[in-house]
Amino acid sequence: MSDEVLKLIPLSPTYVPDNEILKTAVARVREYFPKAERIEMEISESPQFIDPGSNLERITCPICNAVLEDGWWQDAMDKASENGFRDLAVELPCCGQKTTLNDLRYQWPAGFAQFSIEIHNPEAEDPEAVLPDLADFLGSPLRIIRAHY
Ligand SMILES: [Zn+2]
């Protein structure tokens, strides 16, 4: 059996609200997903790559739309991991422009974050309905990652 995991992360890779806010946020998320198998919060000391599992089909340039090669991306990830993903700056191989690993166009979406709220098997018709309220509460716009394992 496969698993769906919805991951909610802030747009900024280093944004972490304080603990009390996070705990309340998880309680709010639970109200939106009463049928979810479980809801977890992950916090880390430095940004982590929050992946969409097997839903990651390709990565494209946010500026010229070129498809980025896996090898280039892996090298960039290895380099960024050396400093705990605190510096995500990259120069694009396609058009030579500068951007960050967090701003690449992941299909499906992925991103970097120091906290995530993960909803296992959410069984919700409209999971994005949680976003406006939660973004407001957490004080940051959010990205929703739909992972499949
Ligand atoms: Zn490009």
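The values are calculated or read from the model by the stated rules, or taken from the named source; none is laboratory data. Just so it is clear, the model here is predicted, and its values are computed rather than measured. Cβ sites come from the backbone with ideal geometry, for glycine too, and all protein chains shown count toward neighbours. SASA here: full protein model, heavy atoms, side chains in, ligands and nucleic acids out. Shrake-Rupley method; radii C 1.70, N 1.55, O 1.52, S 1.80 Å.
Could you say whether any residue in the stretch 98-113 is farther than 17 Å from Arg143 by Cα, open to solvent by less than 80 Å² (accessible area, probe 1.4 Å) and within 16 Å of the ligand (Cβ to nearest atom)?
So far as the stretch 98-113 goes, yes, one or more of its residues are farther than 17 Å from Arg143 by Cα, open to solvent by less than 80 Å² (accessible area, probe 1.4 Å) and within 16 Å of the ligand (Cβ to nearest atom).
Conditions: (1) in the same structural domain as Asp133 (by TED's automatic domain parsing); (2) open to solvent by less than 90 Å² (accessible area, probe 1.4 Å); (3) in contact with an Asp or Glu (Cβ under 7 Å, 6 or more places away or on another chain). Ala27 meets all but one. Number of the miss?
(3)
Of the conditions (1) modelled with pLDDT under 95; (2) open to solvent by less than 80 Å² (accessible area, probe 1.4 Å); (3) more than 18 Å from the chain's Cα centre (by Cα), Ala129 satisfies every one except a single condition; which number is it?
For Ala129, the exception is condition (3).
Take the residues of the stretch 71-92 that are aliphatic (A, V, I, L, M) and over 16 Å from the mean Cα position of the chain (by Cα): which is nearest to the ligand (Cβ to nearest atom)?
My answer is Leu92.
So, in the stretch 4-24, exactly how many residues are open to solvent by 60 Å² or more (accessible area, probe 1.4 Å) and under 14 Å from Arg146 (Cα atoms)?
So the count comes out to 1.
Which one of these does Lys35 not meet: (1) of a type outside the set (A, V, I, L, M, F, W, C); (2) open to solvent by less than 90 Å² (accessible area, probe 1.4 Å); (3) in a loop (DSSP other than H, G, I, E, B)?
Of the numbered conditions (1) of a type outside the set (A, V, I, L, M, F, W, C); (2) open to solvent by less than 90 Å² (accessible area, probe 1.4 Å); (3) in a loop (DSSP other than H, G, I, E, B), the odd one out for Lys35 is (2).
Run down Leu56, Leu22, Leu68, Leu11 and say which single residue is of a type in the set (A, V, I, L, M) and within 16 Å of the ligand (Cβ to nearest atom).
After applying the criteria, what remains is Leu68.
Looking at Val29, Val5, Val16, which one is among the β-branched types (Val, Ile, Thr), more than 16 Å from the ligand (Cβ to nearest atom) and assigned to a strand (DSSP E or B)?
Numbers: Val29 fails: assigned to a strand (DSSP E or B); Val16 fails: assigned to a strand (DSSP E or B).
So the residue among Val29, Val5, Val16 that is among the β-branched types (Val, Ile, Thr), more than 16 Å from the ligand (Cβ to nearest atom) and assigned to a strand (DSSP E or B) is Val5.
Can you tell me which residues in the stretch 114-126 are over 13 Å from Ile9 (Cα atoms) and open to solvent by 20 Å² or more (accessible area, probe 1.4 Å)?
Hits for the stretch 114-126 are His120, Asn121, Glu123, Ala124, Glu125, Asp126.
Listed residues Phe115, Phe85, Phe49, Phe33; which is modelled with pLDDT of 95 or more and more than 29 Å from Ser2 (Cα to Cα)?
Step by step, each of Phe115, Phe85, Phe49, Phe33 is checked, and only Phe85 is modelled with pLDDT of 95 or more and more than 29 Å from Ser2 (Cα to Cα).
For the stretch 44-85, name all the residues that are within 14 Å of Ser116 (Cα to Cα), open to solvent by less than 90 Å² (accessible area, probe 1.4 Å), part of a strand (DSSP E or B) and not aromatic (Phe, Trp, Tyr).
Ser44, Ser46, Pro47, Gln48, Ile50
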